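Notes follow once the structure below has been shown.
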Amino acid sequence: MPTVDLAAGPVHYVEHGDGPAVVFLHGLLMNHTVWDEVIDRLPAGFRYVRPDLPLGAHPEPMRPDADLSLRGLNRIVADFLDALDLNDVTLVHSDWGGALFLTAYGLDDRLGRLILLPCEAFDNFPPGLPGKMAVLAARIPGGLALALRQLLVSWLRNTPPLLGWMARTPLPDDLVRTWTEPGLRSKDIRRDLAKYVATRFIATELVADTEALQHFTGPALVLWSSAGKVMPRSHGRRLANLLPNGTLVEVDDAYVLSMLDRPETIAQAMTTFLVAERS
């Protein structure tokens, strides 16, 4: 995998294609592979870039003094776009909603469009029962390592406190192994994850920083799941109304990880948006 060396540390990524840049983000304890079922269904003529953010499934630790708070992660996303000199980017959000705050932090100058799959927004940080369990695991000595091992047991990870409310269809063992291997291998990867989870979330600030999206004037597709308990359905509608050029498309029979539950539907909606905005 190619790597860019940022001030906070190395960020690995995969990419293919050529043309306008589409950058895919991912959630906690996941990496670029969460998009594998969608990426080959998307149209040619675009440069698809998938970084592994330091959210617990990244292959190489960040520097020990790296700021991995919510604001620090936004700086990493912005620095990544700078390092690859990507402009007029379509930024795709899923699960982790922290990068919605690029506009609030004045770091969105390289963004041209947004695609928002179910993700944290407003005061939903950390999101639902899975988010609260991640915070709890990070506070208990050895808790993150234990949680990672539990994710390898299919019946455990399919319970609501772990990943049962994240995907409607059971997640494949091999996919989950790619997410858990870095953290089980390296205590420094777990350190990076713990630093982010230790972010102090203040509800009023989270809401205000989300609502700063009213100043993002580029086209935005809110591709939100109509089912599930982690990312409220109402948040999709609220985001679409907040964004000046927002369009809402609701996806049935999918939870947070709709790209795994309904890859064809997600790819088609993204294709329609990307091609329309290119023409």
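The values are calculated or read from the model by the stated rules, or taken from the named source; none is laboratory data. Quick caveat, the model's predicted, so the values are computed rather than measured. Neighbour counts run over all protein chains shown; Cβ positions are idealised from the backbone, glycine included. These area figures cover heavy atoms from the full protein model, side chains too; ligands, DNA and RNA do not enter into them. Shrake-Rupley method; radii C 1.70, N 1.55, O 1.52, S 1.80 Å.
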When the charge dipole of the chain is computed with +1 on Lys and Arg Cβ and -1 on Asp and Glu Cβ about the Cα centre, the Cα farthest towards its positive end, among 248, 133, 270, belongs to 133
With +1 at each Lys and Arg Cβ and -1 at each Asp and Glu Cβ, the charge dipole magnitude of the chain around its Cα centre, to the nearest 20 debye, comes out at 880 debye
At the level of C-alpha centres, the distance separating the stretch 12-78 and the stretch 79-108, in angstrom, is 10 Å
Square roots of five times the C-alpha gyration tensor eigenvalues of the stretch 1-85, ordered largest first and given in whole Å, equal 23, 14, 10
Applied in sequence order to the stretch 120-126, the curve 6.51 cos²θ - 1.76 cosθ + 1.60 (Karplus, θ = phi - 60°) yields integer Hz couplings, x standing for Gly and Pro, of 4, 6, 6, 9, 8, 10, x
For the stretch 87-239, dividing by residue count, accessible area per residue (probe 1.4 Å) in Å² works out to 42 Å²
About its Cα centre, the stretch 217-279 carries a charge dipole, from +1 on Lys and Arg Cβ atoms and -1 on Asp and Glu Cβ atoms, whose size in debye to the nearest 20 is 260 debye
With all protein chains present, the stretch 91-176 has a carbon and sulfur share of its accessible area (1.4 Å probe) in percent of 60 percent
Carbon plus sulfur, as percent of the 1.4 Å-probe accessible area of the stretch 1-48, comes to 50 percent
The answer for the net charge of residues other than residue 170 whose Cβ lies under 11 angstrom from its Cβ, with Lys and Arg +1 and Asp and Glu -1, is 0
Normalised Cα Rg of the stretch 113-208, dividing by 2.2 N^0.38 Å with N its residue count, works out at 1.15
Placing one equal point scatterer on each C-alpha of the stretch 225-277 and summing with Debye, one gets log10 I(q)/I(0) at q = 0.13, 0.15, 0.17 Å⁻¹ equal to -0.33, -0.44, -0.56
Computed over the stretch 128-279, the relative contact order (Cα-Cα under 8 Å, seq sep at least six) in percent reads 22 percent
Checking the stretch 217-279 for GluC sites (Glu not before Pro) in a loop per DSSP with at most 13 other beta-carbon atoms within 10 Å yields none
With all protein chains present, the stretch 206-262 has a carbon and sulfur share of its accessible area (1.4 Å probe) in percent of 41 percent
Under 5 Å from the placed amide H of residue 222, counting only residues 5+ away or on other chains, we find 116, 247, 248, 249
Computed on Cα atoms, the radius of gyration and Dmax of the chain in angstrom are 17.2, 53
If each K or R counts +1 and each D or E counts -1, the residues other than residue 262 whose Cβ falls under 9 Å of its Cβ total -3
Which of 61, 126, 170 fluctuates most in a GNM of the chain (C-alpha springs under 10 Å)? That residue is 170
accessible surface per residue for the stretch 1-81, probe 1.4 Å, DNA/RNA/ligands not counted, whole Å² -> 35 Å²
For the pair residue 18 and residue 247, the simple spin-label estimate (label points 7 Å beyond Cα toward Cβ) gives in nm 2.8 nm
Dividing the helical contributions, -39500 (n - 2.57) per DSSP H run of n ≥ 4, by the residues of the chain yields a 222 nm value, nearest 500 deg cm²/dmol, of -11000 deg cm²/dmol
Once Lys and Arg are counted +1 and Asp and Glu -1 for all other residues with Cβ under 11 Å from that of residue 91, the total becomes 0
